[in-house]
Amino acid sequence: MSCLFILRSIGDFKWVGFFKRKKGTVFAKWDTVLYSPLCFLLGTAILMMMLLRTA
């Protein structure tokens, strides 16, 4: 589950994620400002909870 969020934040290198090439749309702006950081934060938080729970 956490891997999906982290991979979503990295993106597909074309439409979504931090490394996207299409940057002139409204969605691209909000993806950079809100969606990708949120996915990265959720992914790392879930990963940390999983790691701390097993330790």
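The values are calculated or read from the model by the stated rules, or taken from the named source; none is laboratory data. Note that the structure is predicted; figures quoted are calculated from it, not measured. Here the Cβ is made from the backbone with ideal geometry for all residues, glycine too, and neighbour counts use every protein chain on show. These accessible areas exclude ligands, DNA and RNA; they are computed on the full protein's heavy atoms, side chains included. Shrake-Rupley method; radii C 1.70, N 1.55, O 1.52, S 1.80 Å.
222 nm [θ] for the chain, helices only, -39500 (n - 2.57) per DSSP H run of 4+, per residue, to 500?
Theoretical 222 nm ellipticity from helices: -18000 deg cm²/dmol.
Let me know the longest stretch in the chain that avoids all trypsin sites (Lys or Arg not before Pro) found in a DSSP loop with at most 13 other C-beta atoms within 10 Å.
On the way: sites that count: 14, 21, 22, 23.
Here the longest run is 24-55.
Show me the three semi-axes of the equivalent ellipsoid for the chain, from the C-alpha gyration tensor (sqrt of 5 times each eigenvalue), largest first, rounded to whole Å.
On the way: eigenvalues 137, 19, 6 Å².
Equivalent ellipsoid semi-axes, largest first: 26, 10, 5 Å.
Full extension from residue 7 to residue 48: what is 0.36 nm times the residue separation minus their Cα-Cα distance, to one decimal in nm? Can you show the working numbers first?
Values: separation 41, 0.36 × 41 = 14.76 nm, distance 1.59 nm.
Residue separation times 0.36 nm, minus the Cα-Cα distance, leaves 13.2 nm.
Can you find, among 40, 2, 18, the residue sitting farthest towards the positive end of the charge dipole of the chain, where Lys and Arg contribute +1 and Asp and Glu -1 at Cβ?
18
Using +1 on the beta carbon of Lys and Arg, -1 on that of Asp and Glu, and nothing else charged, what's the dipole of the chain about the Cα centre, debye to 20? Numbers along the way, then the final one.
Details: 8 positive and 2 negative charges, 48 e Å.
Dipole of the chain, to the nearest 20 debye: 220 debye.
For the chain, what does the accessible surface come to per residue with a 1.4 Å probe? Please give it in Å². Each step should come with its number before you reach the end.
On the way: 4330 Å² over 55 residues.
On a per-residue basis, the chain sits at 79 Å².
Which longest uninterrupted range of the chain lacks any chymotrypsin sites (Phe, Trp or Tyr not before Pro) assigned by DSSP to a loop state (not H, G, I, E or B) and surrounded by at most 16 other Cβ atoms within 10 Å?
Numbers: sites that count: 13, 15, 18, 19.
Between the exposed loop sites, the longest stretch runs 20-55.
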